[in-house]
Amino acid sequence: MPPVLEVKDLRVHFFLDEGVVRAVDGVTFSVESGKTLGIVGESGSGKSVIGQSILRIVPSPGRIVDGKILLRPEDGNVSSSVLDLVSVGPYSRRMRSIRGRDVAMIFQEPMNSFSPVHTIGSQIIEALRLHSDVSKAEARNRAVEMLGKVGIPDPENRIDAYPHQLSGGMRQRAMISMALVCNPRILIADEPTTALDVTIQAQILELLKNLQEEFGMAILFISHNLGVIAEISDDVLVVYFGRVMEQAPVDTLFEECFHPYTRALLMSVPGIDTPVRSHLATIDGTLPDAFESIAGCPFFGRCTECGGDSICRDNPYELTEVGDRHFVACPRMCIRI
Amino acid sequence: MYPHLRVRRLSDSENLLEVTDLKKYFPVQKGLFRKVVGYIKAVDGVSFSIGAGETLGLVGESGCGKTTVGRMIMGAYRPTQGSIWFKPPNGSARVDLAAIEPSEMKPLRPYIQMVFQDPFASLNPRMTIREILAEPLVVNKVAKGHELEDRIRQLIELVGLQVYHLNRYPHAFSGGQRQRISIARALALYPKLLVADEPTSALDVSVQAQIVNLALEIQERLGLAYLFISHDLGLIRHFSQRIVLMYVGKVVEYAPSQNLFNQPRHPYTEALMSNVPSTRPEMVGRKIILKGDPADPMNAPSGCSFHPRCLYAQEVCSHVVPPLMEVDSGHLVACHFSDSLLLTGCDALGCAL
């Protein structure tokens, strides 16, 4: 089955007065329908910008400078060919018809992404009526049905609630129902559970999995929480300094990851086999200067496994396949294999 | 590893801090005349104790009152009821922080210090690091001149920063470094108890690990006690000797860390542990998905406030408040059925906390 979304060598740079920040610097991945791709990285790694560039909502002064974002046409629609979202203007009618219709997004804090002066119902109905030709009454029925599907109790009445009248978990459910009401093929979820409590987070993850089974959309799940990523993803992308360090199926990544960065990241979370009150493994140093352009491995200098090998510093960045759906961008690994 | 830190019992009178039946109700006012229409019972009868040099973890979901407890200990809020017994290290008799006048509180403040969640908001952007660290020492007339400079240098090195950092302003530091500065400031007056309210929640995991290591190191060197407030069970488990688990203003379980994770006696503890996402996909654990949201502290459900979400709730739970009872040595639980329920611990649940 061909992937519904293919991102090829995406580069998003921010042109500031002080210099150029290469927020995303050559990222390649693809997602299939019904599958979830997890994107994990620390703050400042560029993971959110990847999500934003697919919807073409990268904030100024950021620009997509290179790469392709290929959206496969809908099944049965033979007339249209594969669409490159990079070639579509961000303010064009075409792009507006894609946002919400084909690609939808849910955000971290639903309080900031809903309009506080409109009811959640009117916002869901607006999304629906923009993209499909339905009457007001029918749109309302669909919205009620959708709110029920995401587990909001008493949807007939809650549809007229304002965002502030709902709890955090309920707001996130309303957000999900708004994103899914047009039955998009791709759902981008940018840290959707970060602001929620553990018990509510478990509810939302469960809900997303069930909805994916029902609607079959592809999910791009962006998070900094390794546990959440392990829970929901089929494949995982580990991002660091705007680059993919490792890509692997979820089981492979958490059991036998290759990249020293992935390993260091996993080690720094206290787990069941970490002795209590022992020293946790840390990653020394900080992210490289954002304005710097690094040809080799961006993790060079913080990596404890390469021992300062000049190969790591000088070898150009390259993602190499080391196993089934398993890619690593570590010069030493690639040379060894 | 820490033999001198033996687990202490609730009624131990040598405790550094002992909180008994602490309550904080915030009035809800409405209308033109600010009529009080109800109370938010943020903290509703919490008791625990902290021994010298011990770490107590206070864990719960947002809105359960854990931060309010920390603020009452700091003296930022006056408790509605209950007492906070603190034993000053100078050998004098213990005092109730909940009842004393602010003027009497002042000489005690150096002993209890706080580290906040957001290192971007808790440091004054107009002061250099030197000024930030000097302020508590100057205000309390602890040191001046050469002595002051020596102490500042000692502090900055204690938290793993360099002397040349002292002339910089907070904006020049990363989140992890700022949190180190907050810790240095809190340590300036030789405290005996550090209240750390979500000290690593704003940080990345690799930086979080650095701060946790630093906190453990400092505890070992200085022998101070921590009240570690967090919502992260994995971190609490790693850090604390004993744990207080709160739900809507009340303590549901209070036990040594090992017992809480391996033999939980409250259904909420069990569910919470099963909900923590695991980084070990092969450990396919049983997920206990709770219905609904945490209760509203303004009108908490009658009886056990957890009963509307509890899998094991029975008739009695909806109208009788379960008391906090000792079910095992040092293990206190507030559940009517803590004896009869067979709850699964962390290992059996397959959660990789």
- Which one of B:GLY249, B:GLY234 is of a type in the set (Gly, Ala, Ser), surrounded by fewer than 24 Cβ atoms within 10 Å (Cβ to Cβ) and modelled with pLDDT under 95? B:GLY234
- Item | Enumeration of residues in the stretch B:30-44 that are closer than 20 Å to B:GLY249 by Cα, loosely packed, with under 12 Cβ neighbours inside 10 Å and not β-branched (Val, Ile, Thr) | none
- Query: How many residues does the stretch A:300-336 hold that are within 14 Å of chain B (Cβ to nearest Cβ) and in contact with a strand residue (DSSP E or B) (Cβ under 6 Å, 6 or more places away or on another chain)?
  - Reply: 0
- Query: What about B:ALA313, is it of a type in the set (A, V, I, L, M, F, W, C), at pLDDT 90 or above and surrounded by fewer than 23 Cβ atoms within 10 Å (Cβ to Cβ)?
  - Reply: yes
- Query: Scanning for something at pLDDT 90 or above and within 24 Å of A:MET217 (Cα to Cα), does the stretch A:12-27 turn up at least one residue?
  - Reply: yes
- Name the residue, out of A:PHE291, A:PHE241, A:PHE258, that is touching a strand residue (DSSP E or B) at 6+ places or on another chain (Cβ under 9 Å), more than 11 Å from every other protein chain (Cβ to nearest Cβ) and surrounded by fewer than 18 Cβ atoms within 10 Å (Cβ to Cβ). A:PHE291
- Give the number of residues within the stretch B:273-307 that are of a type outside the set (Ser, Thr, Tyr) and out of contact with any Pro (no Cβ under 9 Å at 6 or more places or on another chain). 20
- Message: Return the residues of the stretch A:191-235 that are under 19 Å from A:ILE54 (Cβ atoms), more than 10 Å from chain B (Cβ to nearest Cβ) and aliphatic (A, V, I, L, M); say none if nothing qualifies.
- Response: A:LEU208, A:MET217, A:ALA218, A:ILE219, A:LEU220, A:ILE222
- Message: Give all pairs with beta carbons closer than 9 Å in which a residue from the stretch A:270-284 that is more than 7 Å from chain B (Cβ to nearest Cβ) and within 10 Å of B:LEU216 (Cβ to Cβ) meets a residue that is at pLDDT 80 or above and assigned to a loop (DSSP other than H, G, I, E, B); count only pairs at least 6 apart in sequence or on separate chains.
- Response: A:SER278/A:PRO270
- Task: Would you mind stating whether A:GLY100 is surrounded by 14 or more Cβ atoms within 10 Å (Cβ to Cβ) and on the phi > 0 side of the Ramachandran plot?
- Result: yes
- Test: residue in the stretch A:195-208 that is without any contact (Cβ under 8 Å) to a residue 60 or more places away in the chain, assigned to a loop (DSSP other than H, G, I, E, B) and outside the structural domain of A:PRO155 (by TED's automatic domain parsing): yes
- Task: Could you grab the pairs with beta carbons closer than 9 Å, sequence gap of 6+ or different chains, first residue in the stretch B:318-347 and on the phi > 0 side of the Ramachandran plot, second one surrounded by 13 or more Cβ atoms within 10 Å (Cβ to Cβ) and part of a loop (DSSP other than H, G, I, E, B)?
- Result: B:GLY330/B:VAL7; B:GLY330/B:ARG8; B:GLY330/B:LEU10
- Item | Identity of the residue in the stretch B:96-123, aliphatic (A, V, I, L, M) and surrounded by fewer than 18 Cβ atoms within 10 Å (Cβ to Cβ), that ends up nearest to B:ALA215 (Cα to Cα) | B:ALA121
- Item | Elements of type helices (runs of 4 or more DSSP H) contained in the stretch B:124-215, each with 1 or more residues being more than 13 Å from chain A (Cβ to nearest Cβ) and exposed (fewer than 15 other Cβ atoms within 10 Å of the Cβ) | B:129-139, B:146-158
- If you go through the stretch B:209-231 one residue at a time, how many are farther than 26 Å from B:TYR190 by Cβ and free of Cβ contacts under 8 Å to residues at least 60 places away in the same chain? 1
- Message: Could you go through the stretch A:75-97 and let me know if any residue there is over 20 Å from A:ILE50 (Cα atoms), among the aliphatic types (A, V, I, L, M), free of Cβ contacts under 8 Å to residues at least 40 places away in the same chain and not in a loop (DSSP other than H, G, I, E, B).
- Response: no
- Output yes when any residue across the stretch A:120-128 is under 26 Å from A:THR199 (Cβ atoms) and polar (S, T, N, Q), and no when none is. no
- Query: In the stretch A:152-190, which residue that is part of a loop (DSSP other than H, G, I, E, B) and within 9 Å of another protein chain (Cβ to nearest Cβ) is surrounded by the most Cβ atoms within 10 Å (Cβ to Cβ)?
  - Reply: A:SER167
- Task: Could you please give the count of residues in the stretch B:169-214 that are among the hydroxyl-bearing types (Ser, Thr, Tyr) and closer than 19 Å to B:LEU235 by Cβ?
- Result: 4
- A:ASP251 free of Cβ contacts under 8 Å to residues at least 24 places away in the same chain, in the same structural domain as A:ASP289 (by TED's automatic domain parsing), over 16 Å from A:GLY41 (Cα atoms) and among the acidic types (Asp, Glu): no
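The values are calculated or read from the model by the stated rules, or taken from the named source; none is laboratory data. All figures in this text were calculated on a predicted structure; none of them were measured in a lab. Neighbour counts run over all protein chains shown; Cβ positions are idealised from the backbone, glycine included.
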